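Notes for the one structure printed next.
The values are calculated or read from the model by the stated rules, or taken from the named source; none is laboratory data. Predicted model, so just to flag it, every value in this text is computed and none were measured. Methodologically, a virtual Cβ is constructed for each residue, glycine included, from the backbone with ideal geometry; neighbour enumeration extends over all protein chains shown. Surface areas here come from the heavy atoms of the whole protein model, side chains and all, with no ligands, DNA or RNA. Shrake-Rupley method; radii C 1.70, N 1.55, O 1.52, S 1.80 Å.
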Amino acid sequence: MNLYNIKHPEEQVNFAQAVRQGLGKDQGLFFPQNIPHLSNIDELLALPLVERSQKILGALIGDEIPQAQLEQMVRNAFTFPAPVVQVEDNIYALELFHGPTLAFKDFGGRFMAQALATVRGDGKITILTATSGDTGAAVAHAFYGLENIEVVILYPKGKISPLQEKLFCTLGGNIRTVAINADFDACQALVKQAFDDAELRQAIGLNSANSINISRLLAQVCYYFEAAAQLPKEKRDNLVVSVPSGNFGNLTAGLIAKTLGLPIKRFIAATNANDTVPRYLHSGNWSPNATVATLSNAMDVSRPNNWPRVEELFKRNSWALNELHSAALSDAQTEDTLRAMNQLGYLCEPHGAVAYEVLKQDLLAGETGLFLCTAHPAKFKESVERILDVTLPLPEALDKHNKLPLLSDEMDNDFAQLRAYLLK
């Protein structure tokens with residue numbers, strides 16, 4: 001698999017290099033030079049999740065990793081289902097929260113851990129990543145206990161849910177977590193500064209595990225095929241997919257699935273008050289505001305890292321950017337939506353609710369709607385219980401971590417301080 005740096009197309013790497021490096025020169029994102037068009041979509045959709053995913057990832061990655069090894073990587077990573085649940089006559093939910101950390105990031109995080117363990121070579125590796133909620137847990141659990149791989153996760157202090165925090169800040173061992181006194185965009189900026197520091201990068205074998213790493217992104221492609229496979233055949237042709245969008249990795253993966261030939265009619269990017277993309281698509285002006293805290297905190301991102309990949313896909317496929325619909329929901333609207341969904345008999349959480357409501361507003365007659373549910377409602381226990389006036393039992397995966405003490409360090413938004421911490 002050959003990839004190029006979107007900012008500097010002359011920088012070209014193979015899959016192994018892209019996984020190990022994370023980012024290219026000048027913080028450029030790596031992107032596949034070629035995405036094949038698969039002609040056997042119906043045959044693929046007839047296969048089980050793991051077997052189908054082995055073929056999809058094999059087609060994307062090519063023969064760089066021996067087939068038997070790649071198949072084992074997928075088998076080790078995808079050990080849980082992604083069920084589609086009907087919510088209304090023409091609207092379905094793709095539930096991506098049945099993995100060990102109850103969030104969609106388990107797909108990408110676990111596959112990346114397998115990929116990095118396969119291509120790592122010699123020497124120590126330090127994974128440095130920022131999280132606005134769910135990435136931290138998925139990465140921490142995927143890499144926990146792996147030899148010679150240290151993980152450092154930055155997160156905005158007080159701006160993720162207490163249960164999200166407990167899920168990845170109680171592990172210890174090779175997992176270090178740092179609460180930064182700032183917002184998620186500041187955490188992300190610190191990660192970028194670290195990658196720009198060549199001396200630091202070399203000294204600690206720096207790598208990133210958020211959705212900028214190509215291995216995570218490719219893994220996420222697979223569950224779009226899984227969604228289509230579970231829908232009635234007659235409902236696949238006019239499929240509209242609504243993606244709760246923060247850093248825009250999830251949408252990028254869906255667009256890659258469409259490029260491969262999955263018959264998705266169009267996508268909707270649903271955001272909260274951090275609405276840089278909806279405003280950009282409406283006005284043509286890229287003007288990020290300061291990030292604001294919302295109920296759907298994993299989407300509290302004003303400068304989405306993956307947006308250049310989205311534009312690259314539209315350009316390469318000659319799709320018009322105005323075909324991507326996008327809208328934002330306020331917290332008040334999100335609360336109303338959660339109540340309406342609960343009355344329909346579907347228990348959701350804020351991110352899924354945003355995607356559902358924007359889909360409902362946008363869906364045309366004759367179309368089938370699918371929205372992504374990216375986290376278990378219990379991960380947002382406090383807000384969901386308050387809004388719906390219900391009591392949510394904690395799944396075991398959350399309950400056992402909830403009883404453990406937090407092991408996080410705290411730090412100001414100061415790169416010199418972070419640099420010293422990483423070199424410790």
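Couple of notes before you dig in:
- Elements of the type strands (runs of 3 or more DSSP E) sitting completely within the stretch 1-63 and holding at least 1 residues that are open to solvent by 30 Å² or more (accessible area, probe 1.4 Å) and within 18 Å of residue 255 (Cα to Cα): there are none.
- For the stretch 224-249, the tally of residues that are in contact with a Gly (Cβ under 9 Å, 6 or more places away or on another chain) and crowded, with 24+ Cβ neighbours inside 10 Å stands at 7.
- Considering residues of the stretch 77-92 that are over 19 Å from the mean Cα position of the chain (by Cα) and not aromatic (Phe, Trp, Tyr) only, the residue surrounded by the fewest Cβ atoms within 10 Å (Cβ to Cβ): 89
- Test: residue in the stretch 252-267 that is crowded, with 23+ Cβ neighbours inside 10 Å and among the polar types (S, T, N, Q): yes
- Scanning the stretch 65-91 for residues that are farther than 16 Å from residue 111 by Cα and touching a residue at least 60 places away in the same chain (Cβ under 8 Å) yields 83, 84, 85, 87, 88, 90, 91.
- Selection count, the stretch 55-91, where residues are among the aromatic types (Phe, Trp, Tyr) and either in contact with a Gly (Cβ under 7 Å, 6 or more places away or on another chain) or farther than 30 Å from residue 234 by Cβ (or both): 1
- Here residue 216 fulfils each of the conditions (1) among the basic types (Lys, Arg); (2) over 30 Å from residue 123 (Cβ atoms); (3) open to solvent by less than 10 Å² (accessible area, probe 1.4 Å) apart from (2).
- Contacts under 9 angstrom Cβ, first residue in the stretch 358-369 being in contact (Cβ under 8 Å) with a residue 60 or more places away in the chain and crowded, with 20+ Cβ neighbours inside 10 Å, partner part of a helix (DSSP H, G or I) and not acidic (Asp, Glu), 6 or more apart: 368/235; 369/356; 369/359; 369/360
- Those residues of the stretch 393-418 which are at pLDDT below 95, aliphatic (A, V, I, L, M) and open to solvent by less than 20 Å² (accessible area, probe 1.4 Å), in sequence order: 398
- For residue 310, the conditions (1) open to solvent by 10 Å² or more (accessible area, probe 1.4 Å); (2) under 23 Å from residue 184 (Cβ atoms); (3) hydrophobic (A, V, I, L, M, F, W, C); (4) out of contact with any strand residue (DSSP E or B) (no Cβ under 7 Å at 6 or more places or on another chain) are fulfilled apart from (1).
- From 272, 250, residue being modelled with pLDDT of 95 or more and over 30 Å from residue 55 (Cα atoms): 272
- Residues within the stretch 185-228 that are more than 24 Å from residue 134 (Cβ to Cβ) and either β-branched (Val, Ile, Thr) or touching a residue at least 60 places away in the same chain (Cβ under 8 Å) (or both), tallied: 6
- Within the stretch 8-33, considering residues that are modelled with pLDDT under 95 and among the polar types (S, T, N, Q), the one nearest to residue 195 (Cα to Cα): 27
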